[in-house]
Amino acid sequence: MKITYNNTTIGFYGKHILDLIEKSPYRITCEKKLNIDKDGIPKVVVVSLSGGCDSASALYLTAKHFPNIEIYPLTFQDVRCKWDALAAEQIVKFIQKKFPKAKLNDIFIDKYDDLDEATYPKAKHMIENDKRYKTCTLTQMSKINQLDEGNERFMRQWPGCIRLDGMTANPPIDVRMKFSDYMIKNIPNFNFTDKEIDRVRGELRRDNPNKPELTYNVYQPFVNVNKKFVADIFRQEGLMEELYPITRSCVGGANQTNNFTEWCWQCFWCYEKAWAFDLQKD
């Protein structure tokens, strides 16, 4: 099927997935191993939930339009901070209540520790050898690696399943440049290196025009649209009053967020969400 939000139309499951498989360099492997019917509908979908708007909207639309897909949501809890995982859990409960006929299972919560120094050699290797991650810190790269490994472990329970990932493209470069300028002027006692300036301009792995939405068994339908698309999903689907307040994108610490009860208004993710939803700081 096709979905249209923010005046942009994209494919969503069905023929879209079949077309992606046909064009994929992994076509033969996909056809042999993925459990997808002749109409392009997967039998089982694992949904990676961050607690944010992107993955929440991807899960919402899947449950709404494809109630016969067996959906297994998964999230990861920082061993030192529970809030993102709690948000993901609440998101699943909201969508289960909204679509009681959907085959949406309860969420599974795994854990990660991005301060575990045993994970740093692999993280360092990725930063130095994969240009998508060259602006990452060791802790950021450690988290990405641990989540990828956890997703793979979870998916082994359902051979042939697809993992739904809600990642979007970065905002336009002019928007990101304004944010880095804002950070430099407004965050006191922060000496920006060139790498840090690059990092506050978005994630390089989200900066890849016309990226394939399907990479073997990972499906990213929003990867070529930015968060304005997601914001319009929330508006058109009437989710601003109930689902939106549950979501969490901010990565600020306890001191910056009044013990995680409000936005920090200093991280890229706060800025991106405010830009996408046309919000202003009170």
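Quick notes on this structure:
- Compared with the direct C-alpha span, the chain from Glu237 to Met177 gains 18.5 nm at full extension, assuming 0.36 nm per residue.
- Highest-first packing order for the peptide set 133-143, 169-179, 42-52 is 42-52, 133-143, 169-179, based on the mean count of other beta carbon atoms within 10 Å.
- Helix 268-277 vs. the chain, principal-axis angle (Cα, 0 to 90°, nearest 10): 60
- Shape call, region 14-164: gyration tensor on alpha carbons, a/c limit 1.5: oblate
- Values (i) 52, 19, 16; (ii) 30, 22, 20; (iii) 27, 25, 21 are given for comparison; semi-axes √(5λ) of the Cα gyration tensor in Å, derived from the coordinates here, is the one labelled (ii).
- Point-charge dipole on Cβ atoms (K/R +1, D/E -1) for the chain, about Cα centre, debye to 20: 540
- Residue-span extension gain [Ala118 to Gln157] - 0.36 nm each, minus C-alpha spacing: 11.4 nm
- Amide H within-cut-off set for Leu164, under 5 Å, with H built and near neighbours excluded: Val46, Val47, Ser48, Tyr219
- Couplings 3J(HN,Hα) of region 49-56, computed from phi: 9, 8, x, x, 6, 5, 5, 5 Hz, in residue order, whole Hz [Karplus 6.51 cos²θ - 1.76 cosθ + 1.60, θ = phi - 60°; x for Gly and Pro].
- Checked against a 20 Å cut-off, the cross-linked pairs Lys98/Lys143; Lys33/Lys64; Lys43/Lys227; Lys211/Lys273; Lys43/Lys103 give Cα-Cα distances beyond that limit for Lys98/Lys143; Lys33/Lys64; Lys43/Lys227; Lys211/Lys273.
- Computed over the chain, relative contact order equals 21 percent, with contacts defined as Cα pairs under 8 Å that lie 6+ residues apart.
- Cross-link pairs exceeding 31 Å in C-alpha to C-alpha distance, out of Lys97/Lys124; Lys15/Lys97; Lys38/Lys101, comprise Lys97/Lys124.
- Cys264-Lys38 pseudo-label distance in nm [points 7 Å out on the Cα-to-Cβ vector]: 5.3
- Calculated [222 nm] ellipticity per residue, helices only, for the chain: -12000 deg cm²/dmol; basis is -39500 (n - 2.57) per DSSP H run with n ≥ 4, divided by all residues, nearest 500.
- 3J(HN,Hα) from dihedral phi, region 76-83, Karplus parametrisation 6.51/-1.76/1.60, rounded to Hz, x for glycine, proline: 10, 9, 4, 4, 10, 8, 8, 5
- Here the Karplus relation 6.51 cos²θ - 1.76 cosθ + 1.60, evaluated at θ = phi - 60°, turns the backbone of region 4-9 into coupling constants of 10, 9, 6, 6, 10, 10 Hz, with x for every Gly and Pro.
No lab work stands behind these numbers, since they all come straight from the coordinates. No experiment lies behind these values; they were computed from the predicted model shown. FYI the Cβ positions are ideal-geometry reconstructions off the backbone, even for glycines, and counts take in every protein chain you see.
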